[in-house]
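Structure first, then comments.
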Amino acid sequence: MLRIFKNLRTKEWLMGLACLVLVVLQVHLELLLPDYMKEITALVTTGQNETNDVLAAGGKMLLCAFASLLTAFLTSVFASRIASNFSAYTRKKVFDKVESLSMEEIGHFSTASLITRCTNDVTQVQTLIVLGLSALLRAPIMAGMAMAKIADKNWQWTLATGIAVFALLFVVTVSVAITLPKFRILQTITDDLNRVTRENLSGINVVRAYNAESYQEEKFDKVNDALTNTHLFTSITMSVMIPFIGLVMNGLSLAIYWIGAIIINDAKLPTDKFNLFSDMIVFSSYAMQVVMSFMLLVVIFIILPRASVSAKRILEVLDTKQSILDGDKTEGVSGSEGVVEFKNVFFKYPDAEDYALTNISFKANKGETVAFIGSTGCGKSTVVNLIPRFYDVNEGEVLVDGVNVKSFTQEALRNRIGYVSQRAILFSGNVIDNIAYGDNGVNKAGEAEVVKALTTAQAMDFVDKPEVGLKGTVSQGGNNFSGGQKQRLSIARAIARKPEVLIFDDSFSALDYKTDRALRNALKTECASVTKLIVAQRIGTIRDADRIIVLEDGEIVGNGKHGELLKNCEVYRQIALSQLSKEELDG
């Protein structure tokens, strides 16, 4: 738990020190109040009081109370500032860490869990810091100083206070021990609730199309009930402490006055009786301060278990060792720009038993168009995902510009690549922001370059409309565009980067044949010197490629031009005949 506070910076530690000083001052001021109360009680009970003396003592009490209020306010301000800064800094660190993780590590946590860890878990720790600085610091200081005040008083009163404190600690310890395992489960169930909600929202069209609302509601209710029941268990268990604290406080007050009555009754002299009565009033106040201190600790103990679990979950992300590490090269071999080569590559996904790719070897020269085709699950997308190092190979080498991709810095490697994913991804903002994205930048890809890229990607026909335009709004996920429009905008983003290698991972699937052909012709003209790697399912998309690589069960079973493969590769021929007639193929 304490390791999470390494995220506090020097500024926060200084404010924390200021909180400590303010809390000590606040406790000192509050503990002065019973002393003035004793003075007033003595003046009243002895009958030797002057009104001015009582008013003076009362005025001092008011000043102490006001000063205590001011220090409490300042403590709360500093605590809130520390907690907010801590949360912002920790969220940034978690976000930056997630950005550096490979697909393997992200898959290990799951997207829903990472979102929960970056939001809900950080909030739990933030709440603990706020209450910790205002209550956790105050409680032991108050208890220690109050006990020091009453240590030299009557031993019977001290014993009664000690018994009350012991009873409180026993109940708190038992309650925390019972609820801590449930708090660990609580955050996991929160992950599940987040996952179910995200799945429902992202697939809402499918849910409605299949009239599956009741099915989704059942899934949500199951997770929601589990979360509710766990919350109820922890809340009910912890709620036992609140009435028990009230019982202890009232019982302690009764014990102090009962013991006090016996002691006062046994006193012989009237002055002794008056002094004992004053001591009893003061001791009662101090004893209540001690119990209240432990009550504040109870509040912390209610929050501490869940915050502790959240801190561990945050540290799990921050402590994750990256499997994909940067090399030290930023430049490739001169004369090998745009060349992509696989040498005897073997690859299997994490926790998988079988290899997804087996002994893959090919070379794509500068300006060539190399296409990959095969049945679903044959490893086409896996091949192209190894080039930008979304995963690392188990055996063999992947070379870009004549250098093993592991030797490049990830930034230098990916700056050479224009990548269009299988699922078209757009970000909220406007069209020009999405095309001049990331390292493309508005400086590197100015408006003229954006327009050129959109034209090459055959996207200007809808972007140029008055209701869209370069400043046209792009909603979250690009949901205000059709599938084909999103694909063309994603392709334009990759082209605007002016890369050495363009990777199209089945990114022509939503285009009609006319647009598909026009786009490929534009790529031949505008990106003639760029190496193009195309993953496709349609023969029409790749039949004009310089080379077509046919994959089956993770192995290369064909490598050549369209005509050659029709004659020599039965797998390719079967795929072609399933899509086109014999006359079309011959043509």
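Screening the range 329-355 for residues that are exposed (fewer than 13 other Cβ atoms within 10 Å of the Cβ) and of a type in the set (Gly, Ala, Ser) and picking the one that is farthest from residue 501 (Cα to Cα) gives 352. Can you go through 411, 500, 467 and tell me which one is of a type in the set (Asp, Glu) and in contact with a Lys or Arg (Cβ under 7 Å, 6 or more places away or on another chain)? The match here is 500. Among the residues of the range 408-431, those identified as farther than 20 Å from residue 484 by Cβ and among the aliphatic types (A, V, I, L, M) are 412, 413, 417.
For first residues located in the range 459-480 and among the basic types (Lys, Arg), partners that are surrounded by 12 or more Cβ atoms within 10 Å (Cβ to Cβ) and at pLDDT 85 or above and lie 6+ apart or on another chain with Cβ distances below 6 Å form the pairs 471/430.
Residue-wise test of (1) modelled with pLDDT of 90 or more; (2) crowded, with 18+ Cβ neighbours inside 10 Å; (3) within 28 Å of the chain's Cα centre (by Cα).
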position	(1), (2), (3)
386	yes, yes, yes
393	yes, yes, no
417	yes, yes, no
430	no, no, yes
438	no, no, yes
443	no, no, no
448	no, no, no
480	no, no, yes
489	yes, yes, no
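The strands (runs of 3 or more DSSP E) located wholly in the range 292-376 that include 2 or more residues which are assigned by TED's automatic domain parsing to the domain that holds residue 522, within 24 Å of residue 559 (Cβ to Cβ) and of a type in the set (Phe, Trp, Tyr) occupy 340-347. Among the criteria (1) at pLDDT below 70; (2) crowded, with 19+ Cβ neighbours inside 10 Å, the one residue 272 does not fulfil is (2). For the range 544-587, filtered to residues that are surrounded by 15 or more Cβ atoms within 10 Å (Cβ to Cβ) and at pLDDT below 85, the residue that is nearest to the chain's Cα centre (by Cα) is 580.
Tell me, please, whether a residue that is in contact with an Asp or Glu (Cβ under 6 Å, 6 or more places away or on another chain) and of a type outside the set (Val, Ile, Thr) can be found in the range 479-492. Checked against the condition, which is being in contact with an Asp or Glu (Cβ under 6 Å, 6 or more places away or on another chain) and of a type outside the set (Val, Ile, Thr), the range 479-492 yields no hits at all.
Can you pull out every residue in the range 510-533 that is surrounded by fewer than 18 Cβ atoms within 10 Å (Cβ to Cβ) and within 38 Å of the chain's Cα centre (by Cα)?
510
Scanning the range 556-563 for any residue that is among the hydrophobic types (A, V, I, L, M, F, W, C), assigned by TED's automatic domain parsing to the domain that holds residue 357 and not in a loop (DSSP other than H, G, I, E, B) turns up at least one such residue. Do the conditions hold for residue 123, that is, is it among the polar types (S, T, N, Q) and more than 28 Å from residue 284 (Cα to Cα)? The answer is yes for residue 123. For the range 101-119, the set of residues classified as at pLDDT 85 or above and surrounded by fewer than 19 Cβ atoms within 10 Å (Cβ to Cβ) consists of 115, 119, listed by residue number.
Can residue 285 be described as farther than 30 Å from residue 395 by Cβ and polar (S, T, N, Q)?
Yes.
Once the range 47-70 is narrowed to residues that are surrounded by 13 or more Cβ atoms within 10 Å (Cβ to Cβ) and over 55 Å from the mean Cα position of the chain (by Cα), the residue that is modelled with the highest pLDDT is 56.
Just the residues that are farther than 20 Å from residue 304 by Cα, buried (at least 17 other Cβ atoms within 10 Å of the Cβ) and modelled with pLDDT of 85 or more, please, taken from the range 220-250. Correct list: 223 only. Test each condition in (1) farther than 23 Å from residue 428 by Cα; (2) outside the structural domain of residue 340 (by TED's automatic domain parsing); (3) charged (D, E, K, R) for residue 552 and report the one that comes out false. In the conditions (1) farther than 23 Å from residue 428 by Cα; (2) outside the structural domain of residue 340 (by TED's automatic domain parsing); (3) charged (D, E, K, R), residue 552 misses (2) alone.
Return yes or no: is residue 122 surrounded by 19 or more Cβ atoms within 10 Å (Cβ to Cβ), at pLDDT 85 or above, farther than 29 Å from residue 169 by Cβ and in contact with a Cys (Cβ under 8 Å, 6 or more places away or on another chain)? In short, no. Every condition in (1) more than 23 Å from residue 221 (Cα to Cα); (2) of a type in the set (Val, Ile, Thr); (3) free of Cβ contacts under 8 Å to residues at least 60 places away in the same chain is met by residue 196 except one, and the failing one is (1).
Out of 365, 404, 434, which single residue is within 20 Å of residue 519 (Cα to Cα) and either touching a Leu at 6+ places or on another chain (Cβ under 8 Å) or modelled with pLDDT of 90 or more (or both)? The unique qualifying residue is 434.
The values are calculated or read from the model by the stated rules, or taken from the named source; none is laboratory data. The structure presented is a predicted model; accordingly, all values stated were derived computationally and were not measured. Virtual Cβ from ideal backbone geometry, glycine too; neighbours counted across all protein chains shown.
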